[in-house]
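Data block below; observations after.
The values are calculated or read from the model by the stated rules, or taken from the named source; none is laboratory data. This is a predicted model, so every value here is computed, not measured. Glycine also receives a Cβ, built like all others from the backbone with ideal geometry; neighbour counts cover every protein chain displayed. Surface areas here come from the heavy atoms of the whole protein model, side chains and all, with no ligands, DNA or RNA. Shrake-Rupley method; radii C 1.70, N 1.55, O 1.52, S 1.80 Å.
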Amino acid sequence: MTLSSRLKEIAHGHGFDVVRIADAAPLVDAARTMHSRLASGHLDGMPWVTHERIDLATTPQRLLLGAKSFISLGISYLGVREPPPSVPGTPRGRIARYAWGSDYHDVLKDLTIQVRDDLIRACAQPVRARIFVDSSPLAERAVAERAGTGWFGKNTMILTPGVGSFTLLTTILVDVELEPDAPLGKSCGSCTRCISACPTGALVAPGVLDAPTCISFHTIENRGSIPLELRHLFGDWIFGCDDCQEVCPVNRRAIEGRLASLRAYQDDDAFPALHQLLAMDDQQFRARYRGSAVTRTKHRGLVRNACVALGNVRDPSSVGPLLSLLHNPSTDAIIRSHAAWALGRIGGREARNGLESASKAVEEVSCLDEAGAGYASEVEAALAMASTQRLC
Ligand code: SF4
Ligand code: SF4
């Protein structure tokens, strides 16, 4: 048995659904594409993506001395859980599938380390190896494409026949020569379902995602205010967004993920009750989401996102919990601004009265800082919106 075959056996044995190999030549095409996306503003809002970092992420020899081969590993996280029946008075949000269970970084890192260690043991000579689990500087999807793990879909995800796109990718870079696999040579053909399904139009061209318009970017990475013109398009997403994957025909034949730690064990893991999120303080948030990828958006981000979802769900029972946030002076200005927006969207007398009293309270403040001024203008805009809404 060759080392490459032994490696595949090892990785499948650790639960990976796809194991492919690519040579470690520089990722020239990926570099060109990423530099161009950065220059055209499609990566705005992600200050860690710089031209220098792109060069590093596409030059394997700078990532590992003597780099010769990539091992591209993929594992499905597709979990199946239907949303619970909608109950008036208990509106729920939605979390992207990959964040239903334990933080995938931890789960994948442990598994990839096991594969790396077994590979080192299986080698006759000493091996240098470096692992990459999403957060490290490597263009992992470009590696996956070269290795034939899948092809780049028009939704920018890697699509693997039979496995789908609800997969987590991880990579090992080694300084040993392994037998490379060929790229799949497949494409999406004439399908454009993901582009049509994107609520915000963030897929601006096939395979081109504009981060500043993507729900996933705003609900996870954006630390400030969500652009007013996008909020009504977010639906009930509060962490990530799967819309461009849910419609993908490749996922119709996808296998279900086998990793129990990535599953949702209760409805709230996937479809959290939004009023409960609003009532959570920072300590409760940390306790609830310890070990989950949801911590990435932080307490403030999750409550802000929950406000936007409540504004979109428009359940009148949300007015009370939103007013509690609005009228609490110790609540963060970003959260209060989004609570005001949600109240404006829901409308009705109680919401309007609450916004009017918030507006009066703002008028009494003689000098507003930047956050206060932002909040003041959100309250006024919400008041104007509330006067045009009919309560559902
Ligand atoms: Fe559009 Fe959502 Fe996909 Fe972003 S994640 S491109 S918002 S469908
Ligand atoms: Fe490709 Fe169609 Fe899937 Fe989009 S929905 S990624 S176009 S196959």
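Any idea which residue in segment 167-180 is farthest from ligand 1 (Cβ to nearest atom), counting only those that are open to solvent by less than 30 Å² (accessible area, probe 1.4 Å) and in a strand (DSSP E or B)?
Top of the filtered list is 174.
Quick one: which helices (runs of 4 or more DSSP H) lie wholly within segment 49-135 and hold at least 3 residues that are without any contact (Cβ under 8 Å) to a residue 24 or more places away in the chain and open to solvent by 50 Å² or more (accessible area, probe 1.4 Å)?
104-122
Among the residues of segment 145-166, are any within 16 Å of ligand 2 (Cβ to nearest atom), in contact (Cβ under 8 Å) with a residue 24 or more places away in the chain and in a helix (DSSP H, G or I)?
Yes, because at least one residue in segment 145-166 is within 16 Å of ligand 2 (Cβ to nearest atom), in contact (Cβ under 8 Å) with a residue 24 or more places away in the chain and in a helix (DSSP H, G or I).
Could you list, in sequence order, the residues of segment 273-303 that are within 16 Å of the chain's Cα centre (by Cα) and within 23 Å of residue 199 (Cβ to Cβ)?
293, 294, 296, 297, 301, 302
With a cut-off of at least 1 residues that are buried (at least 20 other Cβ atoms within 10 Å of the Cβ), near ligand 1 (Cβ under 10 Å from one of its atoms) and at pLDDT 95 or above, name the helices (runs of 4 or more DSSP H) lying wholly within segment 188-254.
Because the criterion is at least 1 residues that are buried (at least 20 other Cβ atoms within 10 Å of the Cβ), near ligand 1 (Cβ under 10 Å from one of its atoms) and at pLDDT 95 or above, the helices (runs of 4 or more DSSP H) in segment 188-254 that meet it are 193-197, 215-220, 243-246.
Go through segment 24-48 residue by residue and tally those that are surrounded by 16 or more Cβ atoms within 10 Å (Cβ to Cβ) and under 17 Å from residue 149 (Cβ atoms).
Summing the residues that are surrounded by 16 or more Cβ atoms within 10 Å (Cβ to Cβ) and under 17 Å from residue 149 (Cβ atoms) in segment 24-48 gives 3.
Within segment 288-345, take every residue that is under 16 Å from residue 234 (Cα atoms), part of a helix (DSSP H, G or I) and among the charged types (D, E, K, R) and give me the one that is most open to solvent (accessible area, probe 1.4 Å).
345
Within 15 Å of residue 313 (Cα to Cα), in contact with a Leu (Cβ under 7 Å, 6 or more places away or on another chain) and in a helix (DSSP H, G or I), is that true of residue 376?
no
Considering segment 23-43 alone, what residues qualify as being under 19 Å from residue 176 (Cβ atoms), in contact with a Leu (Cβ under 9 Å, 6 or more places away or on another chain) and hydrophobic (A, V, I, L, M, F, W, C)?
Correct list: 24 only.
Go through segment 259-284 and give me each residue that's open to solvent by less than 40 Å² (accessible area, probe 1.4 Å), in contact (Cβ under 8 Å) with a residue 60 or more places away in the chain and not in a helix (DSSP H, G or I).
Residues satisfying the conditions are 264, 271, 272, 273.
Scanning for something over 30 Å from residue 253 (Cα atoms), surrounded by fewer than 21 Cβ atoms within 10 Å (Cβ to Cβ) and in contact with a helix residue (DSSP H, G or I) (Cβ under 6 Å, 6 or more places away or on another chain), does segment 6-18 turn up at least one residue?
no
Please count how many residues of segment 141-162 are away from ligand 1 (no atom under 16 Å from the Cβ), open to solvent by less than 20 Å² (accessible area, probe 1.4 Å) and either of a type in the set (Asp, Glu) or in contact with a strand residue (DSSP E or B) (Cβ under 7 Å, 6 or more places away or on another chain) (or both).
7
Taking the conditions exactly as written (closer than 25 Å to residue 265 by Cβ and charged (D, E, K, R)), does residue 140 satisfy them or not?
No; evaluated as a whole, the condition is false for this residue.
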